[in-house]
Amino acid sequence: MLKTNYLDSAVAILTEIKEEEEVISQAAQLCAETIKGGGLVHLFGSGHSVIPVMDAFPRYGSYVGLNPLMDPHLMWFTPVGSGGAHELIWLERQEGYIENFLMWQDLHEGDVLIVFSHGGKNAAPVEAAQYARDKGLKVIGVTCMAHQKEADSSLQSGLLLSDVADIAIDTHAPIADAAVELKTTEQNVAATSTVAAVTVVQLLVGETAVRLEEMGHELDIFKSPTAGGSPETNAEVFKIFKKTLQER
C-alpha cells in the first residue's frame with residue numbers, strides 16, 4: 001500500500017486544469033491559425049520547465065509546426081559542476097542573457113511562443129516573452145497563477161510572466177510545487193508542476209491538431225513504430241520540418 005498522497009494530489013491538479021478549458025481553447029485556436037498560415041509555434045522553458053518543451057516535438061504523436069527552443073546552458077546535465085543545476089539556476093536569473101539565445105532562433109512576426117515557467121518570475125522566461133512580443137509574436141504563458149500572485153519578480157522591472165503573456169494558462173500546481181508531506185520537516189517532497197505542465201502541453205498539441213484537421217490542414221506526424229511509423233517515414237517528417245524552417 002502506498003504511503004503517500006501523491007497520486008491524489010496529481011489527480012486533483014489535473015482535475016482543476018479542466019477549469020482552463022476556455023483559455024486552452026483560445027490558445028489552441030491561435031496555434032492552429034498560426035500553423036495553418038505557415039507560421040510556427042515555438043516552445044521555451046528553462047530548468048525543469050524544458051521538459052514540456054521536449055515533450056511537444058519531436059516525439060511520437062507530435063507534428064511539424066511545433067518548434068522547441070532549448071538552450072543547453074539553461075538545462076542541467078549533472079547536479080554540480082559544468083552543466084550543473086547550480087550554474088543554471090544562477091544563469092536563468094540574469095537579466096539580458098536570453099536575448100543572446102533567442103536572437104539566433106527562427107522567430108517571425110505572426111508566430112506564437114509558448115513559455116513554460118512554474119514561478120514565472122525569473123529573467124529567462126519573462127524576458128523570452130518580452131523579446132517575442134517585441135518581435136510581433138503572440139505569447140502564451142503556462143505558469144502557476146497562485147505563485148504569480150505571491151511571488152516577487154527577480155527583474156528590476158517587476159514583471160512576471162503573466163504580465164507579459166497574451167494568454168496565461170494556469171497549471172494549478174501548488175506554490176511550493178512538492179506535494180508529499182513529511183513528519184519530521186515542513187518541507188514537502190515530490191514535485192507536481194511538471195505533471196501539470198506536460199498535461200497542458202499535450203492538451204495544446206491535441207487541441208491544435210483537431211482544429212488544424214477541421215481547417216483542412218494535413219499534418220506531418222512523427223509516428224510511433226507501433227502506429228505505422230518507420231525510420232524512413234519519420235526521417236521524412238524531419239526533412240519537412242527542416243524545409244519549413246528554410247523556406248520562411
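Go through THR233, THR143, THR184 for me and flag whichever is of a type in the set (Ser, Thr, Tyr) and within 24 Å of MET75 (Cβ to Cβ).
On the way: THR233 fails: within 24 Å of MET75 (Cβ to Cβ); THR184 fails: within 24 Å of MET75 (Cβ to Cβ).
Selected residue: THR143, the only one of THR233, THR143, THR184 that is of a type in the set (Ser, Thr, Tyr) and within 24 Å of MET75 (Cβ to Cβ).
Every residue, every condition in (1) over 15 Å from the mean Cα position of the chain (by Cα); (2) crowded, with 21+ Cβ neighbours inside 10 Å; (3) closer than 30 Å to LYS3 by Cβ, yes or no:
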| residue | (1), (2), (3) |
| --- | --- |
| LEU137 | yes, yes, no |
| THR143 | no, yes, no |
| SER154 | yes, no, no |
| ALA176 | yes, no, yes |
| VAL180 | yes, no, yes |
| THR185 | yes, no, yes |
| VAL189 | yes, no, yes |
Please state which of the following conditions SER162 fails to meet, knowing it meets all the rest: (1) within 21 Å of ALA56 (Cα to Cα); (2) in contact with a helix residue (DSSP H, G or I) (Cβ under 9 Å, 6 or more places away or on another chain); (3) assigned to a helix (DSSP H, G or I); (4) of a type outside the set (A, V, I, L, M).
(1)
Looking at this structure, is ARG248 in a helix (DSSP H, G or I) and basic (Lys, Arg)?
no
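Give the residue, chosen from HIS48, HIS108, that is touching a Gly at 6+ places or on another chain (Cβ under 8 Å), surrounded by 13 or more Cβ atoms within 10 Å (Cβ to Cβ) and touching a residue at least 12 places away in the same chain (Cβ under 8 Å).
Numbers: HIS48 fails: touching a Gly at 6+ places or on another chain (Cβ under 8 Å).
Being touching a Gly at 6+ places or on another chain (Cβ under 8 Å), surrounded by 13 or more Cβ atoms within 10 Å (Cβ to Cβ) and touching a residue at least 12 places away in the same chain (Cβ under 8 Å) holds for just one of HIS48, HIS108, which is HIS108.
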Among the residues of segment 42-62, is any farther than 30 Å from PRO225 by Cβ, assigned to a loop (DSSP other than H, G, I, E, B) and of a type outside the set (S, T, N, Q)?
no
Residue set ILE114, ILE51; condition of a type outside the set (Asp, Glu), closer than 28 Å to GLU150 by Cβ and out of contact with any strand residue (DSSP E or B) (no Cβ under 7 Å at 6 or more places or on another chain); output residue ILE51
Can we say ALA197 is touching a residue at least 40 places away in the same chain (Cβ under 8 Å), assigned to a loop (DSSP other than H, G, I, E, B) and small (Gly, Ala, Ser)?
no
All-but-one check, GLU95 against (1) free of Cβ contacts under 8 Å to residues at least 40 places away in the same chain; (2) of a type in the set (D, E, K, R); (3) assigned to a loop (DSSP other than H, G, I, E, B), failing number (1)
Going through segment 169-183 one residue at a time, which ones are part of a strand (DSSP E or B) and touching a residue at least 24 places away in the same chain (Cβ under 8 Å)?
ILE169, ASP170, ALA179, VAL180
Against the definition (of a type in the set (S, T, N, Q) and in contact with a helix residue (DSSP H, G or I) (Cβ under 9 Å, 6 or more places away or on another chain)), how does ASN122 come out, yes or no?
yes
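Do we find that GLY120 is within 13 Å of the chain's Cα centre (by Cα) and on the phi > 0 side of the Ramachandran plot in this structure?
Working: within 13 Å of the chain's Cα centre (by Cα): yes; on the phi > 0 side of the Ramachandran plot: yes.
Yes; evaluated as a whole, the condition is true for this residue.
Sort out which residues of segment 109-162 are acidic (Asp, Glu), under 17 Å from ARG93 (Cα atoms) and at pLDDT 95 or above, and write them in order of number. Outline the logic, then answer.
So the first thing to find is which residues in segment 109-162 are acidic (Asp, Glu), and the list is 109, 111, 127, 134, 150, 152.
Narrowing the set further to residues that are under 17 Å from ARG93 (Cα atoms) leaves 127, 152.
Passing the criteria: only GLU127.
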Under 9 Å by Cβ, and 6 or more places apart or on different chains, what pairs join a residue from segment 138-150 that is more than 11 Å from PRO174 (Cα to Cα) and of a type in the set (Gly, Ala, Ser) with one that is modelled with pLDDT of 90 or more and in a strand (DSSP E or B)?
GLY141/ILE114; GLY141/VAL115; GLY141/PHE116; GLY141/ILE167; GLY141/ALA168; GLY141/ILE169
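Identify the residue in segment 206-246 that is touching a Cys at 6+ places or on another chain (Cβ under 9 Å) and not charged (D, E, K, R) and, among all such residues, is farthest from GLU19 (Cα to Cα).
So in segment 206-246, the residues touching a Cys at 6+ places or on another chain (Cβ under 9 Å) come out as 207-208, 211-212.
Next, only the ones that are not charged (D, E, K, R) stay: 208, 212.
Details: THR208: 18, LEU212: 23 Å.
Restricting to residues being touching a Cys at 6+ places or on another chain (Cβ under 9 Å) and not charged (D, E, K, R), the top hit is LEU212.
Please work out if GLU21 is out of contact with any Asp or Glu (no Cβ under 9 Å at 6 or more places or on another chain), in a loop (DSSP other than H, G, I, E, B) and at pLDDT 95 or above. Before the answer, list the steps.
Working: out of contact with any Asp or Glu (no Cβ under 9 Å at 6 or more places or on another chain): yes; in a loop (DSSP other than H, G, I, E, B): no; at pLDDT 95 or above: yes.
For GLU21, the condition - out of contact with any Asp or Glu (no Cβ under 9 Å at 6 or more places or on another chain), in a loop (DSSP other than H, G, I, E, B) and at pLDDT 95 or above - is not met.
The values are calculated or read from the model by the stated rules, or taken from the named source; none is laboratory data. In this text the structure is predicted, and so the values were computed from the model without any measurement. Counting neighbours? That spans all protein chains shown, and the Cβs are built from the backbone with ideal geometry, glycine included.
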